[in-house]
1. In segment 163-182, how many residues are within 25 Å of residue 270 (Cα to Cα) and touching a strand residue (DSSP E or B) at 6+ places or on another chain (Cβ under 8 Å)?
2. Anything in segment 163-175 that is within 13 Å of ligand 1 (Cβ to nearest atom) and either farther than 18 Å from residue 31 by Cβ or over 22 Å from the mean Cα position of the chain (by Cα) (or both)? List them, or say none.
3. Would you confirm, using the coordinates I've provided, whether residue 396 is in contact (Cβ under 8 Å) with a residue 40 or more places away in the chain and either loosely packed, with under 15 Cβ neighbours inside 10 Å or outside any helix (DSSP H, G or I) (or both)?
4. For a quick check of your reading: which helices (runs of 4 or more DSSP H) sit entirely within segment 130-242 and have at least 2 residues that are farther than 28 Å from residue 272 by Cα?
5. Given the conditions (1) crowded, with 18+ Cβ neighbours inside 10 Å; (2) within 16 Å of ligand 2 (Cβ to nearest atom); (3) in a helix (DSSP H, G or I), which single one is not true for residue 4?
6. Can you tell me how many residues within segment 14-23 are farther than 16 Å from residue 70 by Cβ, touching a strand residue (DSSP E or B) at 6+ places or on another chain (Cβ under 8 Å) and either assigned to a helix (DSSP H, G or I) or within 14 Å of ligand 1 (Cβ to nearest atom) (or both)?
7. Among the residues of segment 41-67, write down those that are modelled with pLDDT of 95 or more and within 12 Å of ligand 1 (Cβ to nearest atom).
8. Here is a check on your reading of the model: is residue 101 under 22 Å from residue 15 (Cα atoms), in contact with a helix residue (DSSP H, G or I) (Cβ under 7 Å, 6 or more places away or on another chain) and away from ligand 2 (no atom under 16 Å from the Cβ)?
Ligand code: ATP
Ligand code: MG
């Protein structure tokens, strides 16, 4: 914990030694004050990207125009950003203009919430011009400056406020909350990919129930793809922390038959990877529903990397312990006679030898599928001659 900050402080010290000002800022300072595990550490500095690149050898320019470079130090990455102010978010996406400034206080003023607007210097002192520390003690999320203006400037901050509620269990300060109620419609103007990042963090949070209460109070559903047409969806089912979008999609889509994975992915602009995971999870949920038990076939068809996800979603839907579901899945996995299709000692070519007169067609796939199932369930030994006999017995060539 403190070791992580100490390592980051070495970068701060180095920048200071070169005659610039530097601080640790943002989420890591907040989390240290809360006593929460620290994530990525961000550094803010009066040095320009060019100056930072002269000071350090391992630097990756990741957003020079916004003043950000990535410094590598002892195997860790740190974003070092030049003190800056932003004005006029006319398109609600990007500041029209970024200006570098010399004073850390001006940089802190552009940040979203008081708890995120605290800087830690090399001597361990806090720069806290907006009373962030006292809001952390009060467990309050409070906009820096005028909440109305700050949400108009960047409506994504409203979604961020809700995800912080979910992660920290804090409440939202009342004037900040009022501004959210008044401006929530502006969230529609934000690129959906940015909303998705915050939304995913929201439903991972341990205080999700609190976040959902606020979501309802500010009517956020109407601003979110898919939920906008089913505003009750967010509260209809008991939602508890899920790890990622694929899990969330399978959870909802399984229970609401008029939803589809395709629609989620299209409307939220999610990746193919997420789509594939969601489909695989949904498929497993449907197999479970059909057979009434978690069986070898389900486990055989579910990618191993999704076992934990399946356990979480199934646990949530059927109110079972996810741990128990996971144990059942991995026991079945360990007992599988084959782990995938390639291991099956039989194929389409073998079939055409048994039925030389038949034309190629879907029957091949269907029959191979039957074989596969029988092998997976151990009704049939995974051995070429045995499989051949079995096929001939059940489907005698005419
Ligand atoms: P996490 O621990 O989840 O990363 P974080 O507070 O570090 O939380 P980031 O998204 O990493 O959140 O942003 C880093 C910092 O940048 C924030 O603490 C805040 O000071 C500032 N920030 C981020 N997004 C915004 C925004 N939309 N408007 C204003 N300031 C922002
Ligand atoms: Mg962060």
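The values are calculated or read from the model by the stated rules, or taken from the named source; none is laboratory data. Values in this document were obtained by computation on a predicted structure and should not be read as measured data. When we count neighbours, we look across all protein chains shown, and the Cβ atoms used for this are built from the backbone with ideal geometry, even at glycine.
1. Result for segment 163-182: 2.
2. none
3. In short, no.
4. Of the helices (runs of 4 or more DSSP H) lying wholly inside segment 130-242, those with at least 2 residues that are farther than 28 Å from residue 272 by Cα span 132-138, 147-153, 156-168, 174-183, 208-218.
5. Residue 4 satisfies every listed condition except (1).
6. Counting residues in segment 14-23 that are farther than 16 Å from residue 70 by Cβ, touching a strand residue (DSSP E or B) at 6+ places or on another chain (Cβ under 8 Å) and either assigned to a helix (DSSP H, G or I) or within 14 Å of ligand 1 (Cβ to nearest atom) (or both) gives 2.
7. Of everything in segment 41-67, those that are modelled with pLDDT of 95 or more and within 12 Å of ligand 1 (Cβ to nearest atom) turn out to be 41, 42, 43, 44.
8. Yes: the conditions hold for residue 101.
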